[in-house]
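J.: If you scroll down you'll find the structure; I have some questions about it.
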Amino acid sequence: MVKNKKSGILKLKKELPFHLMLLPGILITFIFSYIPMLGMKIAFQKFIPAKGLFGDQIWNGLDNFTYLINMPGAMTALKNTIIIAFWKIILGIIIPVIVALMLNEVRSSKLRRSVQTAIYLPYFLSWVIFAGILIDILSPSGGVVAQMLRVIGVDPPFFLGSNKLFQPTLIWTDIWKSFGFGTIVYLAAITGVDTSLYEAATMDGAGRLQKMWHITLPGIRMVVVLMSVLALGNVLNAGFDQVQNLISPQVYSSGDILDTFIYRIGLIDAQFGPATALGVFKSAVSCLFISVSYYVAYKFFDYRIF
Amino acid sequence: MRKKRMMCFGLAVVMTVGSLAACGKSDDNEKQEDKTKSAESTGPADPFGKYADPIDIHFARSTEDVLEGYESAIGQSMDDNLWLDTFKEELGIKVVYDWVVKGDAYKQKVNVTIASGDLPDVMAVDATQMTQLAESGLIQDLSDVYESYAADFTKESMKQEGEEPFMAAQIDGGLYGIPVTFGSYDSGDLLWIRDDWLDKLNLEAPKTTDELMNVIDKFTKEDPDGNGKDDTYGLAAHGTPSIFEGGYGCLKGFFNSYGAYPSIWIEKDGKLEYGAVQDECKDALEVLQKLYVDKKINPEFGVMDDNKAGEPAVVGQSGMSYGPQWLGLVQPQENYNNDENAKWSAYPIPGTDGDMGTAEVNLATNQWLVVRKDFKHPEAVIKMANVFMEKCWGKTGDNAKYYAPEDAGSLWKFSPVMPNLPLKNFDAYDQIQEAMKNKTTDQLTGEAKTIYSKLDKYYSGSEDGKQFYGWERIYGPAPTSYASIKEMKDSGHIIMNKFVGAPTPTMTEKMSTLEKMRNETFNKIIIGEADINEFDKFVKEFNKLGGEDITKEVNEWYTSVQ
C-alpha cells in the first residue's frame, strides 16, 4: 500500500508538467464552450435584450420552438443543411482519396508537386474573396463560364440564381476549394504504407490497379475513417461563410442553411429567443450525429479516439 | 464548431457582464463630473445656450461612401469637420463617436449594442428598436426637455408635414425619441426614362400601363441604343435585399401602377389592411412574371442590388426604371457623364385606368434619436437640432456653406443630429420655377439659392457645369422629379402609409419575418419558380403567422387616434 501510494505520488510528480500543459486547453474550452451554454436559457424565454441575460426575463416554455416550426423557411433550412452537408461530406472524402491515389501514381515528382500546389491554392483564399471570384465567373451575362458555354452552343444556366442549380453549385465549389487539403492528408498517409508490401506484391505479379486496391487503400483506411468521423460532427454546419457570401433572396428556398437562417433572425431581426432555440436544436442534432458516427466507426472499423 | 451559435451568445454574456462592470464604474465618474457641470448650467432654458464648461457627448452613427470621399476631396472627415467645429464653438459640445459603421451594418450593430446594454449617450434607432429600448427602461423620456429647449423654428419644422414623426416616438405618454425628420412625399417612386430613346423609337412617355408595356417591349427588342446588338432590357429591376427597397430598379412604383401598395398600410372600408396581401399585388406579379419569361427584365435581377442593376444604365444599356426623386443624382448623372446625348426625365407613374398611377409613400422619418437613461444633458441633443435647423434653413443660416456646398453636396450628413425640413424640396422647387419664369434671382434664399446656382452652372453649358445635370433633372422645369411629384401630389395621386404609430407588440416580433416571406414569395413568382396562385397561399400564411394579430393591433391603434 505504502509503496503503491508513494509510486503514485512519484508518478504524478513526473507527469505534473504534462497535466499542467492540459490546463490552458481545458480553461479555454470551459470559458468558450461551457460557460456560454448558460445562454441556452434564452431559447425558453421571451428575451428582451436590454434587461440583460440574468435580468427579469419572461419564461415562455417551448413557444420559441413552436414559433420556429411554424415559421416558413426554418424547416426548409434544416432540409437544405442536411442535403448540402451530406454531399459535401461524401464528395469531400471520395474525391480527395481518388486524387491522392492518382497523384501517387505520378512518377515525376516535379509534376506531382506542381499539381499539388495548384489544387491546394484555393484552400488559402477566404470565402469572401472566393465568393467574389465565383460570382463573377458564374454570371450568366458576362462570366467566363457562360462565354465558354456559348461558344459550344449551350445556353448558360444561372448557377447562383436558380433553385435547381444553387445546391450543386455550393457543393462543387466547396469541393473545389477544399479538396487540395484532403489530398495532401491522404498523400501523407500513403507515404506511411510499408513499401515492402508493394515489393512483395510486385513479386506476386500484381498490377498497378491491384496494388492500389489491395495495399494502398487498406493502408490509409484508418485515416479515411478518422476524417469521416471528424466530418460527421460538422453535418449541420453546411458552411456559413460560403453560403452567406453566395446567397440571395431568390435562392433562399434551396440554399438557406441553419446558420444563415439563425444569423438573419438573430442578428438582423434581433429575435434572440427563436434564434437561440434553433441554435440549441442544431447543437442537439449535431451531438446525436457525432455520437452515432463515433459508435459506427468503433463498431465497424475498430476506431477509437481514446 | 457545433457550439458556434451558443458560443456567440456566451460571448455576449461575457461581454455583457464585462461591460456592465465597466459601465458601473464610468457611470460613477460621470455622475460626479455631471454634478459639477449641471451646477453651472442651471438657469432658464436657452435653446442656443453655450455650455460654459464644454461637455462630451458620445454618439454612435452610420457613415457612407460619399462622406468618406470628402476626406480626400475637401479635407473633412468624420472626426474633424465643419459641423463638429460648429457645435463646439457655438454650444460648447464636443462630439465623440463610440463607433461608426457603414450602411446596412448599422442596424445590426445597434441590435448588438442593445443586447450588450452598453449604449452610447445618443444614437439613432428605428421604431422597433426604440420601442424595445423604452420598454426595458434604457432610454429617457424627452418630452419636457423638448418642450423647453426646442427653438420655435425647430418645432415648426419638425411638424411641417404633421404630427406623424412624433407618433411612433410616443410610448406610454412620453416622448422617447427626437425624430430625424425627412420629407415623406420625397420618397415616392417616379418613372425615369431616357427621352432620347423614346424619340428614337417614336414613342411617347407612357401614361397608362398598356403604354408602359409597349415601351418596355420596344426598349427590349428595337435596339434603342442603336448599337446593333440585342443587349438592352425594357425595365430595370433589382431583387436584393428586396424588390421594394433601393434606387435604380426598384419595383415599388411598378406595383403602385397596378393599384397595389405592397409595403404600406392602406384604408379599406374604414379598416387598415396591409397592402402586400391585397389582390392588386397578384395582378402586378402576373405582369412581372410575364416580363421575366419574355426576357424584358434582366434575368439576373434576383441576385442584384440597386447598384448592380444600375450599372447597365451608366453604360447606356438600360433606359427605364422606377425610382425616387434623388435617382437623378446617381445613374442618370453617371450616364450623362459618359454620353452627353443621354436625356433622362422623371415622369409620374402610369396607371391602369387611363389616369396616372398613385404612388405609395411611407413616413420618411424612420429614425429617432434616443438618449441613454443616465445621460445628464438630454437637452444638448435638442440644442444641436436647433443649431442644425437654423444653420441650414433658418433666417441667420447659410445653406450653401452648411448644407450642401458645391464641392460637397452631402456635407450636412457630417452632423450627428440631422432632422431635415420636410417640405424644403418643394419650397426650393417652387422658388426656382418662379425665378426661372421671372428671370430674377433676387428673392431666392437658402437652399433654393444654392440649387439655383447649380442649375445655372449647368445651363451655362460649361464643362464644369456638367456635374450638375442630375440636379437639373430634379429641380428643373417639367418633366423632372419635382415637377412630377408636385403633379401627383396636387392631383391626389400620392397615398400615405396610414399606420404611423409605434410598432405593435406582434409587429416588433414578427413583421420582419413576414416581410421576408413576402419578398421571397414575390421573387419566386416573378421568376416563375412558383405559380401565380402561390400568392393566395402567401396571404393565408401571412395571416396565420401573425399577420392577423398585427392587423388587429394596427386597427386598435387606428381607432384610438381617430
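J.: Which residues, taken from segment A:112-171, are small (Gly, Ala, Ser), more than 19 Å from B:Asn298 (Cβ to Cβ) and assigned to a helix (DSSP H, G or I)? First the steps, then the outcome.
T.: The first filter runs over segment A:112-171 and keeps only residues small (Gly, Ala, Ser), leaving A:114, A:118, A:126, A:131-132, A:139, A:141-143, A:146, A:153, A:161-162.
In the following step, the residues that additionally are more than 19 Å from B:Asn298 (Cβ to Cβ) were identified as A:114, A:118, A:126, A:131-132, A:153.
The answer is A:Ser114, A:Ala118, A:Ala131, A:Gly132.
J.: Right, another one. Please enumerate the residues belonging to segment A:216-253 that are at the interface with chain B (Cβ under 10 Å from one of its Cβ atoms), open to solvent by 10 Å² or more (accessible area, probe 1.4 Å) and among the polar types (S, T, N, Q).
T.: Selection gives A:Asn234, A:Asn237, A:Ser253.
J.: Sort through A:Ala200, A:Ala206 and tell me the only one that's more than 21 Å from the chain's Cα centre (by Cα), surrounded by fewer than 16 Cβ atoms within 10 Å (Cβ to Cβ) and away from chain B (no Cβ under 14 Å).
T.: Sole residue among the options that is more than 21 Å from the chain's Cα centre (by Cα), surrounded by fewer than 16 Cβ atoms within 10 Å (Cβ to Cβ) and away from chain B (no Cβ under 14 Å): A:Ala200.
J.: In segment A:104-111, is there at least one residue being in a helix (DSSP H, G or I) and touching a residue at least 24 places away in the same chain (Cβ under 8 Å)?
T.: Looking for residues that are in a helix (DSSP H, G or I) and touching a residue at least 24 places away in the same chain (Cβ under 8 Å), one finds at least one in segment A:104-111, hence yes.
J.: Tell me which residues, restricted to segment B:121-166, are in contact with a Phe, Trp or Tyr (Cβ under 9 Å, 6 or more places away or on another chain), part of a helix (DSSP H, G or I) and of a type in the set (Val, Ile, Thr).
T.: B:Thr131, B:Thr154
J.: So which residues in segment A:67-103 are under 19 Å from the mean Cα position of the chain (by Cα) and not in a helix (DSSP H, G or I)?
T.: Result: no residue meets the conditions.
J.: Let me spell it out: the conditions are (1) more than 7 Å from chain B (Cβ to nearest Cβ); (2) at pLDDT 85 or above; (3) buried (at least 16 other Cβ atoms within 10 Å of the Cβ), and A:Pro36 meets all of them except one. Which number is the exception?
T.: The single condition A:Pro36 does not satisfy is (1).
J.: State the number of residues belonging to segment B:104-163 that are open to solvent by less than 30 Å² (accessible area, probe 1.4 Å), away from chain A (no Cβ under 14 Å) and out of contact with any strand residue (DSSP E or B) (no Cβ under 8 Å at 6 or more places or on another chain).
T.: 6
J.: Name every residue in segment B:421-433 that is open to solvent by 40 Å² or more (accessible area, probe 1.4 Å) and farther than 20 Å from B:Ser460 by Cβ, in order of residue number. Walk me through it before giving the result.
T.: In the first step, residues of segment B:421-433 are kept if they are open to solvent by 40 Å² or more (accessible area, probe 1.4 Å); the result is B:423, B:427, B:430, B:433.
The answer is B:Leu423, B:Asp427, B:Asp430.
J.: Which ones in segment B:458-511 are open to solvent by 30 Å² or more (accessible area, probe 1.4 Å) and aromatic (Phe, Trp, Tyr)?
T.: Within segment B:458-511, B:Tyr458, B:Tyr459, B:Trp471 qualify.
J.: Looking only at residues in segment A:273-306 that are touching a residue at least 24 places away in the same chain (Cβ under 8 Å) and under 19 Å from A:Gln244 (Cα atoms), which one is nearest to the other protein chains (Cβ to nearest Cβ)?
T.: A:Gly279
Yes/no matrix, rows are residues, columns are (1) among the basic types (Lys, Arg); (2) within 21 Å of B:Met507 (Cα to Cα); (3) away from chain A (no Cβ under 14 Å); (4) crowded, with 21+ Cβ neighbours inside 10 Å:
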residue	(1), (2), (3), (4)
B:Leu235	no, no, yes, yes
B:Pro241	no, yes, no, no
B:Glu267	no, yes, yes, no
B:Ala284	no, no, yes, yes
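J.: On the basis of being more than 14 Å from chain A (Cβ to nearest Cβ) and of a type outside the set (D, E, K, R), does B:Ala168 make the cut? Steps first, answer last, please.
T.: Details: more than 14 Å from chain A (Cβ to nearest Cβ): yes; of a type outside the set (D, E, K, R): yes.
So B:Ala168 passes the test.
J.: Based on what the data block shows, is B:Asp186 open to solvent by 10 Å² or more (accessible area, probe 1.4 Å), among the acidic types (Asp, Glu) and within 18 Å of the chain's Cα centre (by Cα)?
T.: Judged against the criteria, B:Asp186 is a match.
The values are calculated or read from the model by the stated rules, or taken from the named source; none is laboratory data. Please read all numbers here as calculations on a predicted model, not as lab measurements. Virtual Cβ from ideal backbone geometry, glycine too; neighbours counted across all protein chains shown. In case anyone asks, the SASA skips ligands and DNA or RNA and just uses the protein heavy atoms, side chains included. Shrake-Rupley method; radii C 1.70, N 1.55, O 1.52, S 1.80 Å.
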